[in-house]
Amino acid sequence: MKAFIGIDVGSVTTKVVLIDHAGTVLWHSYRKTQGQPIRAIQSAFGALRRDMGDVVIQGVGTTGSGRKLADYVVGADVVKNEITAHALSAIHLIPNVRTIVEIGGQDSKLILIRNRVVTDFSMNTVCAAGTGSFLEHQAVRLGISVEELGNHALAASSPARVAGRCTVFAESDMIHKQQMGHNLEDIVAGLCDALVRNYLNNLARGKDISAPVIFQGGVAANPGIKAAFERELGQEFIVPVHYPIMGAIGAALIARTTKKTRFRGWQVAEQQLSTSSFYCPDCPNSCGVIEINNRDGVIARWGDSCGKWGNLGE
Amino acid sequence: MRLTVPHMGLLSTAYTRVLRQHGVDMQPPPAATLKTLNLGVKHSPEFACLPFKINLGNMIEALDNGANAILMPGGYGPCRFGYYGVIQEQILRELGYRFRMSTTDNPDRLSDMIDTIREISRIRNRFDGYRVFFLILMRMAALDRATALYHYYKPREINREDTDTVLRQAVRLIDLADSYPRLFRTMPEITRMFRAIPIDKALNPVTVGVLGEIFVVIEPFANLAIEKKLGEMRVEVRRGVWLSDWLNDRFRFRPFRRNQTTYAKKLARGYLNYPAGGESIETVGKTLLFQKKGVDGVVHIMPFTCMPELVASTIITRISKDRDYPVLSLTFDEHVSEANIITRLEAFVDLLERRRDEGIYRH
């Protein structure tokens with residue numbers, strides 16, 4: 001059987017999917033990166049081999065903030081930015097989609113699509129309020145798990161108004177609301193409203209959000225956020241079945257055009273890889289150069305702004 | 001007197017050698033690095049723009065290297081830049097540096113520039129002053145010409161970094177061309193060097209207009225080498241603002257090149273009828289021009305807290321909507337995240353490529 005792999009190495013989670021040529025998801029894995037992207041990729045590949053070892057890999061695509069690293073680890077055919085990857089998987093699922101709202105671990109995106117082409121996009125630049133990391137942090141503080149957050153929000157009767165411009169102020173405002181005596185449900189619902197307002201103010205200003213709207217990324221798991229969006233915009237937000245792995249699916253879809261794959265084979269799960277870094281002493285820029293080593297020595301370097309280290313590694 | 005002038009793109013290459021030959025003891029600041037930026041940021045008001053901070057860093061490094069006089073372009077300016085010299089002087093004095101500071105009073109007036117040259121160099125004769133000043137201007141135009149060739153060849157190069165090497169060689173040759181005849185002989189040589197780069201002739205790259213505040217547009221250190229990044233993504237850059245154009249609009253040394261400010265004003269009519277400072281009118285006018293000429297999209301770059309470009313950015317968002325034309329605005333300061341910039345540039349280039357393909361299929 002022939003199949004394609006998509007890898008999305010995000011800030012918080014690493015997603016690996018296997019699809020067939022029609023784009024059907026055959027296998028997927030979703031695990032925490034925990035600051036060790038290479039290990040996360042390798043353990044996902046170990047599991048993939050155990051479960052689906054007899055498939056023939058015809059192409060590999062990587063995306064996410066760790067897309068370059070993933071390329072060096074497995075040998076990718078396409079390395080794509082996450083905006084394009086998310087757009088392609090959403091278009092594949094709902095061909096007439098017009099808006100994609102994507103909220104992940106540390107960044108959020110708004111992508112507008114007309115006639116199957118991305119026409120505009122925005123991405124959070126300065127503030128991570130409203131992303132998964134922040135929600136997780138607040139859930140821990142409130143003593144509930146991030147998965148329960150949404151259901152608590154849905155149970156609220158009158159959501160508290162929480163300041164949402166900045167994560168630090170949101171947190172202190174939530175503490176204040178707790179001390180005022182608001183109950184947990186109302187505070188959680190207020191938090192969801194605040195995050196939605198923050199998203200709309202930062203990313204959606206002046207942009208035409210029209211249906212169908214797809215809501216994807218890890219935060220789409222939270223029905224409280226979905227409900228808050230729908231209340232605020234008066235539009236239905238469609239959460240696809242594979243909402244957390246849409247980026248990886250997009251990367252795999254792009255890899256379908258591969259003629260001859262550069263995939264290094266299943267041994268990538270076992271290869272000995274280590275990373276190290278040093279500061280280049282040659283000029284005051286002091287670029288932090290990253291090296292990836294296998295047993296034979298350095299296989300890749302990047303991080304320098306002048307190109308002298310990066311070029312040696314190729 | 002050891003004179004230093006803050007960097008602005010390749011400008012220092014245009015004047016340093018020529019002025020040295022006329023007795024000016026030049027001490028150009030070292031090329032900007034992270035150290036320059038950190039020094040600048042440390043001693044600047046937080047909401048001053050990136051050009052202010054890099055300039056100040058340049059000055060501190062040059063003074064530490066032995067310079068004792070600073071020449072700052074300014075006087076009145078098209079934006080806050082006009083009074084930067086005054087504030088930088090005060091900051092440097094409070095830091096304990098001893099130096100002479102001069103600011104050009106009226107950078108638009110030729111006689112003022114000639115007076116400045118006669119003041120700092122051995123040149124006494126007014127005619128010689130003109131001759132030297134116009135040689136500097138021609139050298140600047142040559143540097144811009146080499147950069148434009150770079151924009152054309154970079155996306156097409158087969159071996160990575162070839163074009164960058166040639167550009168460095170070209171800049172070196174222009175630097176050495178210290179007389180009119182040498183400069184005229186150098187230009188065909190530079191064109192030949194670029195032509196010799198092995199290129200992918202079949203490639204029909206996406207084109208992107210680069211517009212915005214002039215300092216961040218022409219200074220790769222300030223914009224994270226955005227033109228090189230675009231070139232590596234196989235995009236042909238069409239830069240809309242050039243230092244030599246800015247100079248030519250004031251000093252008319254290229255009689256056959258039209259006045260770009262007046263031209264931009266004419267183009268911008270209807271969207272922006274009065275210059276709003278900085279390069280706002282150029283940004284608006286040239287966005288409309290690029291759209292008309294079939295350039296695939298515009299990347300608009302500006303320093304954080306730049307008022308004129310913020311005005312322009314709002315207007316070009318409107319143009320983008322009215323004419324269904326892709327525009328990406330990027331803001332730069334010391335906190336900019338390179339990963340974020342790269343992701344947005346890549347997504348923008350994908351968008352342009354897809355739009356182009358759709359257009360081809362439709363026709």
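The values are calculated or read from the model by the stated rules, or taken from the named source; none is laboratory data. All values derive from a computational prediction rather than experimental measurement. Please note: Cβ atoms are built from the backbone with ideal geometry, for glycine as well, and neighbour counts cover all protein chains shown.
Would it be correct to say that residue B:314 is facing chain A (nearest Cβ under 10 Å) and assigned to a helix (DSSP H, G or I)? Answer is yes for this residue.
Report yes if some residue within the range A:235-255 is within 14 Å of another protein chain (Cβ to nearest Cβ), among the β-branched types (Val, Ile, Thr) and surrounded by 14 or more Cβ atoms within 10 Å (Cβ to Cβ); otherwise report no.
Going through the range A:235-255, the residues within 14 Å of another protein chain (Cβ to nearest Cβ) turn out to be A:247, A:250-251, A:253-254.
Narrowing the set further to residues that are among the β-branched types (Val, Ile, Thr) leaves A:254.
Subset that is surrounded by 14 or more Cβ atoms within 10 Å (Cβ to Cβ): A:254.
For the range A:235-255, residues within 14 Å of another protein chain (Cβ to nearest Cβ), among the β-branched types (Val, Ile, Thr) and surrounded by 14 or more Cβ atoms within 10 Å (Cβ to Cβ): present.
No other residue among B:198, B:155 is surrounded by fewer than 17 Cβ atoms within 10 Å (Cβ to Cβ) and touching a residue at least 40 places away in the same chain (Cβ under 8 Å) apart from B:198.
Table: residues versus (1) in contact (Cβ under 8 Å) with a residue 12 or more places away in the chain; (2) at the interface with chain A (Cβ under 9 Å from one of its Cβ atoms); (3) aliphatic (A, V, I, L, M); (4) in a helix (DSSP H, G or I).
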residue	(1), (2), (3), (4)
B:283	yes, no, no, yes
B:286	yes, no, no, yes
B:295	yes, no, yes, no
B:345	yes, yes, yes, yes
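Counting only residues that are surrounded by 21 or more Cβ atoms within 10 Å (Cβ to Cβ) and over 16 Å from residue A:275 (Cβ atoms), the range A:37-56 holds 3 of them. Filtered by the rule that a residue be away from every other protein chain (no Cβ under 14 Å), part of a helix (DSSP H, G or I), touching a residue at least 60 places away in the same chain (Cβ under 8 Å) and not hydrophobic (A, V, I, L, M, F, W, C), the range B:161-185 gives a lone residue, B:175. Scanning the range B:239-254 for residues being over 18 Å from residue B:289 (Cα atoms) and part of a loop (DSSP other than H, G, I, E, B) gives a total of 3.
The helices (runs of 4 or more DSSP H) falling completely within the range A:1-115 that include 1 or more residues that are without any contact (Cβ under 8 Å) to a residue 24 or more places away in the chain map to A:37-52, A:67-74.
Is it fair to say residue B:302 is more than 13 Å from chain A (Cβ to nearest Cβ), within 30 Å of residue B:273 (Cβ to Cβ) and touching a strand residue (DSSP E or B) at 6+ places or on another chain (Cβ under 9 Å)? So residue B:302 fits the description; yes.
Would you mind stating whether residue B:98 is outside any strand (DSSP E or B) and closer than 28 Å to residue B:253 by Cβ? When the stated conditions are applied, residue B:98 does not pass them.
Among the residues of the range A:57-106, those that are of a type in the set (Ser, Thr, Tyr), within 12 Å of chain B (Cβ to nearest Cβ) and either under 26 Å from residue A:201 (Cβ atoms) or surrounded by fewer than 21 Cβ atoms within 10 Å (Cβ to Cβ) (or both) comprise A:65, A:84. For the range B:7-28, the count of residues that are within 14 Å of chain A (Cβ to nearest Cβ) and surrounded by fewer than 20 Cβ atoms within 10 Å (Cβ to Cβ) is zero.
Annotation: residue A:158 fulfils all but one of (1) within 24 Å of the chain's Cα centre (by Cα); (2) surrounded by fewer than 21 Cβ atoms within 10 Å (Cβ to Cβ); (3) hydroxyl-bearing (Ser, Thr, Tyr); the unmet one is (1).
Can you list residue pairs whose Cβ atoms sit under 6 Å apart, with the first residue in the range A:271-285 being farther than 16 Å from residue B:31 by Cα and within 11 Å of chain B (Cβ to nearest Cβ) and the second being in a loop (DSSP other than H, G, I, E, B) and small (Gly, Ala, Ser)? Count only pairs 6 or more apart in sequence or on different chains. Cβ pairs passing all conditions: A:279/A:286. Pairs are defined by a Cβ separation below 8 Å, a sequence spacing of at least 6 or placement on different chains, a first member in the range B:83-112 that is at pLDDT 85 or above, and a second member that is among the basic types (Lys, Arg); the pairs so defined are B:110/B:250.
Could you check, for the range B:117-126, whether at least one of its residues is buried (at least 19 other Cβ atoms within 10 Å of the Cβ) and modelled with pLDDT of 90 or more? Yes. Among residues of the range B:347-363 being part of a helix (DSSP H, G or I) and modelled with pLDDT under 85, the one that is nearest to the other protein chains (Cβ to nearest Cβ) is B:358. Going residue by residue through the range A:25-47, is there one that turns out to be within 17 Å of the chain's Cα centre (by Cα), at pLDDT 90 or above, over 16 Å from residue A:244 (Cβ atoms) and of a type outside the set (A, V, I, L, M)? Scanning the range A:25-47 turns up no residue that is within 17 Å of the chain's Cα centre (by Cα), at pLDDT 90 or above, over 16 Å from residue A:244 (Cβ atoms) and of a type outside the set (A, V, I, L, M). Checking the range A:229-252 against the condition returns a match, with at least one residue being of a type in the set (S, T, N, Q), in a loop (DSSP other than H, G, I, E, B) and either under 20 Å from residue A:64 (Cα atoms) or in contact (Cβ under 8 Å) with a residue 24 or more places away in the chain (or both).
Test residue B:261 against the stated conditions and say whether it is among the hydroxyl-bearing types (Ser, Thr, Tyr), within 21 Å of the chain's Cα centre (by Cα), away from chain A (no Cβ under 14 Å) and buried (at least 16 other Cβ atoms within 10 Å of the Cβ). Yes: the conditions hold for residue B:261.
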